[in-house]
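Please treat every number below as a calculation from the coordinates, not as lab data. This one's a predicted model, so the numbers in the text were calculated from it and none came from an experiment. Note: ideal-geometry Cβ built from the backbone for every residue, glycine included; neighbour counts use all protein chains shown.
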Amino acid sequence: MSSAFHVYFGPEALAAAPKVRPIGPSDCFSALSEGFDDFLAMPTYPAFVGLFYAVAGIALVAMSSFASALHLIFPLAAGFALIGPFVAIGLYEMSRRRERGLAVRGRDAFAVLRSPALPSILAFGLILLMIFAAWIFAAELIYVWLYGPNPPAAALPFLTDVLTTGRGWLLIIVGGLVGFCFAALALCISVVSFPLMLDRDFGLVPALEASLRVTRANPLAVALWGLIVAAALILGSAPLFLGLAIVMPVLGHATWRLYRRAIERDPAHEVAVELPRSEAFVESPLLRPLWIFLDCLEAMRRKGRI
């Protein structure tokens, strides 16, 4: 088991910090274009991973409805993007392998489970989860402040009230401003954190510092990237979250490409792509149906059927 020191600072805590490159709007759009190219080159697996987001989004709406928490549907959907950089970690691995000219299979997305930086990645994911929980708590407080402790009884009357009354617009404005603060915080600390941990086995603290340095050095580019992500998520969420099956994989691959543009490469400290396989992991009976499914999709893709 990795030590706490490794989790927080990585194996080379005293090594030089990664060099941050200046990036501009063109780099953001180029990263998005390259991410889309990754998506097209690996169409089956990103869609498969992206469907997880779509199903999860629909499940969030269903759970909120059954729990009489209709007022939290939008905060849940918007806040789900806060933990997206963590859930997309498998997509970073796929893009990392493709940029090195390696063949990419569906199961390669799960190679992160063998990454030496996995404890640091999980710790950072927990931080994003805490930010997500804080955002939901704040959204609940805002609703109670304006509407009282009783949840809305039905969706249509509540939606009508929100869009046609003063307190409804106040809810939208205040909620939007508070949500923006949470989103900006998550973006600043995670814009390159997860790709950096995966690529170089960085600990949580230096990875967070690197993201903050990228943000300070390139505030306009990072802000534009946040707007691109927000706009894409809104478009993907519109048709019952089904568009996220495409949007989220593209954004995941594009995040890796943006990381490559924002952080100067250091091959001497990069983790080898082909890590030693754990046969117990690869041949686990619990995961064998997933491997069979992904291998079948790969065979069908090669034959041009999907």
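Some notes on this structure:
- Over the stretch 125-254, volume per residue of the alpha carbon convex hull, in Å³: 134
- Near Ser30: Cβ cut-off under 11 Å, other residues only, Lys/Arg at +1 and Asp/Glu at -1. The net charge is 0.
- Distance between the modelled labels on Arg216 and Asp37, one decimal in nanometres: 3.3 nm (7 Å Cα→Cβ projection).
- Principal axis dimensions, the stretch 209-277 - Cα atoms, whole angstrom, descending: 45, 38, 16
- Rh (Kirkwood; distinct C-alpha pairs) - the stretch 20-275, Å: 19.0
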